[in-house]
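Throughout, read-outs are computed from the coordinates displayed, never taken from laboratory work. Since the model is a prediction, treat every value here as computed from it, not as a measurement. All Cβ positions, even for glycine, are placed from backbone atoms using ideal geometry, and neighbour counts span all protein chains on display.
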Number of protein chains: 2
Amino acid sequence: MGEFELLARLRERLPPAGARVLLGSGDDAAVSVPGGATATSVDALVDGVHFRRDRASLAEIGRKALGAALSDLAAMGAEAGEAYIAIGVPPDLGEDGCLELFDGIAAVAAATGTTLAGGDVTRAPVLTLVATVVGHADRPDELVGRGGAEPGDVLVLSGEIGGAAAGLLLLERTELGATISPAAAGRLRRRQLEATPRLGTGQALAAAGAHAMIDLSDGLGGDGGHLAAASGAGLRIDAAALPLAPGVSEVAAAAGRDPLELATAGGEDYELLAALPAERLADARRRTREAGEAELTAVGEVVAGAGVEIRLPGGGTLAPAGFDQLR
Amino acid sequence: MGEFELLARLRERLPPAGARVLLGSGDDAAVSVPGGATATSVDALVDGVHFRRDRASLAEIGRKALGAALSDLAAMGAEAGEAYIAIGVPPDLGEDGCLELFDGIAAVAAATGTTLAGGDVTRAPVLTLVATVVGHADRPDELVGRGGAEPGDVLVLSGEIGGAAAGLLLLERTELGATISPAAAGRLRRRQLEATPRLGTGQALAAAGAHAMIDLSDGLGGDGGHLAAASGAGLRIDAAALPLAPGVSEVAAAAGRDPLELATAGGEDYELLAALPAERLADARRRTREAGEAELTAVGEVVAGAGVEIRLPGGGTLAPAGFDQLR
């Protein structure tokens, strides 16, 4: 099957385009009329670096590629708009594989209201996915960056953390699954294999007046450090308050690992960490509940200073290492 | 060097952001205020598929990656706006190599007024570059798609063609260089190694009222076929009128190849093919001359029917095969 024929087959599977997109996939470029402000982010996933084809289905890989990219838009408080996907197809991935991969991408697009407006398909030595996503807001000041957290702000976290790291342990060491129920193990594995962008939560936090926000792709320690550095402030986090995903403690114990390490140094939970004025917390909780994605947990506060300090229940602190390696 | 440190080094080399970009590289997403209409395209280049590191410098590869992507915006008649670049870095490409590659990208950004507004750097088995580019126009109807060519329209081509294919022959078979002057051979090789987007020419043709436009990345036969199919019309091209780049005939003869084949089936010239009403030709020539990039040549006309027919000087026709293989 040639490139143009494959692209035509992929285009047949596209959900209908959003109202902003006047000309979608198939011309030299897609044409859209954004209005207001746009937030744009690009995210690359490479086989052997970000996923392994022997551990995840092609549909899961497709879902994770678009979901992880959209998570950056969630962290800006943007509404999902358009996605442009480049796929590098290895020699052993046939037409059916491309279509399965694409169905995973299209499922996330449909679930999030994202228009797949363009892309490129090329040969490559290993499966490679690059998703560029464009989100929207009526005005630029509705979008929330990483800077802007102020001493006294309360730190909130959406959903639960540590699940993706525990899911990775379960995928690597299947014997660990015996320590928890099959349903709980399945949820943790999905947490690793998929990436659910908290788009509604991000918009709720932005509307509630969040000062700064970031998504946890590298982990609470690393991403919290980015937020702190961009804001010129420090983060003080209460370890006892961290919302660990069910089963994380059991899997960590069985693996001889500290559950707090999974929760703070493990990445890929794709939850949101936001700093907001304490008097906005109730409104943020209400709006987040209405979005229906996840509950908010207050986990600490912004302080004068720098870096991330995690206060342990028995006294003492942990300064999680920043995550800085090329992957 | 870690990812964040490398990104910080790359950001130091960025030219200043354009007026539309409020928040550039370094947050979860870039924030811009587009206004009017946007044209967005994504283009992937993979080592061993689209280029070879033993034939091109890293700066040349960087220039080609962004230039080829911007060529799609030229083909829409859009003004260059922002670029988002994902780079897959292989194990043997060190920090200096990344910076050299990035300098090539930044040079094209500076020359075209493109803001490098975001990106992603990841490990990969071979060097991989994916450029997503966003162009702008005041109104969507100022952008020119592939459809819209009408029987009776004159077909024009910018610049010269066949040069990139001849340059590839010279890179593959260095002995062929003896048939032309070193300066001419150098120009042909650069034609293959670089990709100069005809952004000014595209805007000139759009302003002159072009009905349809495409850039020649796959070759006149293949890309002309796309324009014909999208327009529901046929293209009749006069082979004798085709503007061959200097040296193409000599290199083709020395290689035992037909120069017309290099000009119609060889890709990567990145010139523009446009269909416009005959009465707009003089205005299009004037505007294109003012853009200062390339001369226009009338090479044929749009006819009722389908496909691309190339009329040979001695009578008879050539129906170039459409280019359809995954690369």
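Where both partners of a DSSP beta bridge lie in the stretch A:3-142, what percent of those bridges are antiparallel, to the nearest 5?
70 percent
Compute the long axis of helix B:3-12 from its Cα atoms, compare it with the longest principal axis of the Cα atoms of chain B, and write down the angle in degrees, 0 to 90, nearest 10.
Its long axis makes an angle of about 70 degrees.
For a quick check, take a GNM of chain B with Cα springs below 10 Å and name the residue from B:97, B:315, B:48 with the largest mean-square fluctuation.
B:315
Compute the label zone of residue B:311 within the stretch B:221-237: residues whose backbone N is under 14 Å from the point 7 Å along Cα-to-Cβ.
B:235-237
For Cα pairs less than 8 Å apart in space and 6+ apart in sequence, what is the mean separation divided by the residue count of the stretch A:3-142, i.e. the relative contact order in percent?
This gives 39 percent for the stretch A:3-142.
Calculate how many DSSP beta bridges within the protein assembly as shown are antiparallel, expressed in % of all such bridges and rounded to the nearest 5.
Around 75 percent of the beta bridges assigned by DSSP in the protein assembly as shown are antiparallel ones.
Hey, for residue B:312 with labels 7 Å out along Cα-Cβ, what do the inter-copy distances come to in nm, ordered shortest first?
8.4
Considering only DSSP beta bridges where both residues belong to the stretch A:154-318, give the percentage that are antiparallel (nearest 5).
Of those bridges, close to 75 percent are antiparallel.
Do you know the relative contact order of chain A, to the nearest whole percent, from alpha carbon pairs under 8 angstrom that are 6+ apart?
22 percent
Give me the Kirkwood hydrodynamic radius of chain A in Å, from all C-alpha pairs, to one decimal place? Before the final figure, lay out each step's value.
Details: mean 1/r = 0.0492 Å⁻¹.
Mean inverse Cα-Cα distance, inverted, gives 20.3 Å.
Quick one: what are the phi-derived ³J(HN,Hα) couplings along the stretch A:281-295, Karplus 6.51/-1.76/1.60 with θ = phi - 60°, whole Hz, x for glycine and proline?
4, 4, 5, 4, 4, 5, 5, 5, 4, 4, 5, x, 9, 6, 8
Going by amide H atoms built from the backbone, whose H comes under 5 Å of the H on residue A:144, apart from near neighbours?
A:77
Within a 10 angstrom radius of the beta carbon, how do B:61, A:85 rank from fewest other beta carbons to most? If you can, show how the numbers build up before the last one.
Numbers: B:61 24, A:85 28.
In increasing order of surrounding Cβ atoms, one gets B:61, A:85.
What is the Cα centroid distance between the stretch A:15-77 and the stretch B:26-102, reported in whole angstrom?
A separation of 17 Å, based on Cα centres.
For label points placed 7 Å from Cα toward Cβ, what is the shortest-first list of nm distances from residue B:232 to its copies?
Inter-copy label distances (nm, one decimal, shortest first): 6.1.
Quick one: net charge around residue B:26, please, counting Lys, Arg +1 and Asp, Glu -1 for every other residue with C-beta under 11 Å from its C-beta. Could you put the intermediate results ahead of the total?
Working: positive: A:146, B:11; negative: B:27, B:28.
Computed value for this residue: 0.
Would you mind computing Rg(Cα) / (2.2 N^0.38 Å) for the stretch B:3-142, counting N as its residues?
Details: Rg = 14.7 Å, N = 140, 2.2 N^0.38 = 14.4 Å.
Dividing the Cα radius of gyration by 2.2 N^0.38 Å gives 1.02.
Given the DSSP H assignment, sum -39500 (n - 2.57) over each helix run of at least 4 residues in chain B and divide by its residue total; what's the result at 222 nm in deg cm²/dmol, nearest 500? Write down the numbers at each step before the final one.
On the way: 10 runs with 113 residues, N = 327.
Calculated at 222 nm, the ellipticity per residue is -10500 deg cm²/dmol.
Any idea what the residue A:16 label distances to the other copies are, label 7 Å down the Cα→Cβ vector, nm, shortest first?
Copy-to-copy label distances at residue A:16, shortest first: 4.6 nm.
What percentages, rounded to whole numbers, describe P(r) for the protein assembly as shown computed over all alpha carbon pairs with 10 Å bin width beginning at zero?
P(r) for the protein assembly as shown, in whole percents per bin: 3, 16, 25, 25, 15, 9, 5, 1, 0, 0.
All other residues with a Cβ under 11 Å from the Cβ of residue A:181 taken together, and with Lys, Arg as +1 and Asp, Glu as -1, what is their net charge?
On the way: positive: A:187; negative: A:250.
Every neighbour counted, the sum reads 0.
Show me, for the stretch B:175-182, the HN-Hα J-couplings you get by feeding each phi into the Karplus relation (A = 6.51, B = -1.76, C = 1.60, θ = phi - 60°), rounded to Hz, glycine and proline as x.
Result, rounded to whole Hz: 5, 5, x, 5, 7, 9, 5, x.
Give me the net charge of residue B:295's neighbourhood, meaning all other residues with Cβ under 15 Å from the Cβ of residue B:295; Lys, Arg count +1, Asp, Glu -1.
Numbers: positive: B:198, B:285, B:286, B:287, B:289; negative: B:160, B:269, B:271, B:283, B:290, B:293.
Local net charge: -1.
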